[in-house]
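The values are calculated or read from the model by the stated rules, or taken from the named source; none is laboratory data. Predicted, not measured: the structure shown is a model, and the values here were computed from it. Cβ sites come from the backbone with ideal geometry, for glycine too, and all protein chains shown count toward neighbours. Heavy atoms of the whole protein, side chains included, go into the accessibility calculation; ligands, DNA and RNA do not. Shrake-Rupley method; radii C 1.70, N 1.55, O 1.52, S 1.80 Å.
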Amino acid sequence: MNKQQRIAAEKSMSEWLSHPDELGKAPAKIECAKEFDLHGLHYYIFRFKQKLPGEWMLGVCGGYEDGSEEHCGHVYSRMTKYNDKTAVEDAVEMVEAIRSYWMERARMQEAFQEKFKANTEFRTGAEIDAWKINSQFVRSESRYFLTAGETDCPSGRLFAADPLAYLPGSQFFFTFEKEIPAGRYPVEVSICRNSMTGIRMCTARLKIKDTEAVKFVRAEGTAEAISEEGTAGGFPVDAGMMTLCDAQTAGEYRAFIKKWYESHPDGNHYDDYFAAFFAESEKMLPAYQREGGDFIEWTNPDTGRKMVMIASGFGDGFYCCYYGYDAGGDLCQIIVPMVDPSLFGDED
């Protein structure tokens with residue numbers, strides 16, 4: 001018997017039992033009852049009491065490599081009665097169940113990573129299949145779409161950026177080469193919900209005309225792009241949020257943020273200001289977004305101009321922008337695709 005290893009195992013078992021989801025406190029009594037080896041690792045069987053007097057219950061902790069005091073994470077109890085005659089058999093069954101669980105989790109994670117890679121290819125290609133995008137804006141059991149809000153475009157020069165991390169400091173935003181007529185435009189977002197992804201924002205689109213896009217081509221940026229990242233047809237995200245907004249509206253937004261910090265020098269513009277807007281959005285439409293909120297229409301209190309912020313699919317990364325053309329060859333949409341729901345167990 002490795003005494004130090006056994007002591008470490010008893011400590012780990014007690015800590016696991018003390019978790020609020022288990023006993024919620026340390027066991028009234030605990031002792032090592034047996035040991036066994038399985039799959040080349042060493043395990044300790046414990047019997048413990050929740051309170052005195054009380055019956056003994058079974059727990060297991062391991063597996064340990066020779067000489068190691070670090071277990072591999074197999075610490076568990078079903079809070080069932082300890083039976084000395086079947087203790088080893090019962091503990092082995094628990095360990096095998098834990099191993100099966102984590103092996104399945106690893107398999108699912110590997111499968112998700114493969115799908116994640118395919119999703120990156122989907123949202124960064126030179127063109128995107130129009131059917132894939134248009135099908136996201138058809139409601140089904142697992143797909144939804146809605147108008148997240150309207151955005152004011154007084155200049156017609158559009159930006160795409162992370163509105164929380166980069167737009168306030170004029171960093172890493174994408175300036176579209178094509179301009180659109182000045183006006184106020186709806187910004188829609190398609191949403192999927194399934195067991196693999198949970199709720200995710202899939203594609204944000206600014207509708208210029210009320211016609212259907214039959215072709216999506218990656219947008220070109222202007223020579224005024226802030227960085228090389230901004231010339232590659234897209235923009236980086238570092239705060240899990242994106243926006244499509246007008247250049248003038250963006251300038252007014254930056255002015256607001258600057259003024260806000262003058263009044264809140266130790267503040268944080270998300271935690272102390274925008275988080276409340278997202279929380280209210282979730283309260284209004286809880287079925288379509290995650291806890292904390294995934295989209296808002298924000299009105300600049302100094303100018304009255306609107307802009308929309310939307311959660312960026314799987315979070316931080318690089319997102320490309322696309323022009324959508326209708327059957328007549330007119331520019332009718334600008335989109336930022338983020339998630340292809342058909343890759344994640346949703347074949348609608």
Check your understanding: How big is the convex hull of the Cα atoms of the range 70-215, per residue, in Å³?
Key -> 214 Å³
Revision key, fill the gap. Tilt, helix 87-122 to longest principal axis of the chain (alpha-carbon atoms), in degrees rounded to tens, equals 10 degrees
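Ratio of Rg to Rh for the range 101-165, alpha carbon only, Kirkwood? Show your work: numbers first, answer last.
On the way: Rg = 17.6 Å, Rh = 16.0 Å.
Looking at the range 101-165, the ratio lands at 1.10.
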Review point. In degrees from 0 to 90, rounded to the nearest 10, what is the angle of the helix 3-17 Cα long axis to the longest principal axis of the chain?
Key: 60 degrees
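Relative contact order of the chain, please, whole-number percent, based on alpha carbon pairs below 8 angstrom and at least 6 residues apart.
16 percent
Mind checking the per residue accessible area of the chain for me, 1.4 Å probe, whole number of Å²?
So the chain comes to 49 Å² accessible per residue, rounded to a whole number.
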**Study point:** Packing-based ranking, highest mean first, of 210-220, 161-171, 106-116 given that Cβ atoms within 10 Å are counted
**Key:** 161-171, 210-220, 106-116
Exercise for review: Compute from the Cα atoms of the chain the Rg and the Dmax, the latter being the longest Cα-Cα distance, and quote both in angstrom.
Suggested key: 27.3, 82
Exercise for review: Quote to one decimal, in nm, the extra length available between Ser18 and Glu179 on full extension: 0.36 nm per residue of separation minus the C-alpha distance between them.
Suggested key: 51.8 nm
Study note, to complete from the structure: For the range 67-121, inverting the pair-averaged 1/r of distinct alpha-carbon atoms gives a Kirkwood value in Å of 14.0 Å
**Study point:** Protection proxy ranking of 286-293, 194-201 - average other beta-carbon atoms within 10 Å, highest first
**Key:** 194-201, 286-293
Practice item. Please state, to two decimals, what the Cα-based radius of gyration of the range 14-76 comes to when divided by 2.2 N^0.38 Å (N = residues). Key: 1.17
Exercise for review: Using only Cα atoms, tell me the angle between helix 247-263 and the longest principal axis of the chain; keep it within 0 to 90° and round to the nearest 10.
Suggested key: 50 degrees
Exercise for review: Normalise the Debye intensity by I(0) for the range 3-152, one equal point scatterer per Cα, no solvent, then take log10 at q = 0.11, 0.12, 0.16, 0.19 Å⁻¹ and round to two decimals.
Suggested key: -0.60, -0.64, -0.86, -1.15
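What 222 nm value per residue comes from the helices of the chain, counting each DSSP H run with n ≥ 4 as -39,500 (n - 2.57) and dividing by all residues, nearest 500 deg cm²/dmol?
That comes out to -8000 deg cm²/dmol.
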Review point. What do you get when you divide the Cα radius of gyration of the range 221-337 by 2.2 N^0.38 Å, with N the number of residues?
Key: 1.19
**Study point:** Two-decimal Rg to Rh for the range 148-249 - Kirkwood Rh, Cα set
**Key:** 0.97
Review point. Given a 1.4 Å probe and every protein chain left where it sits, what share in percent of the accessible area of the range 192-348 is carbon and sulfur?
Key: 48 percent
Check your understanding: Separation of the range 257-292 and the range 107-153 by C-alpha centroid, Å?
Key -> 25 Å
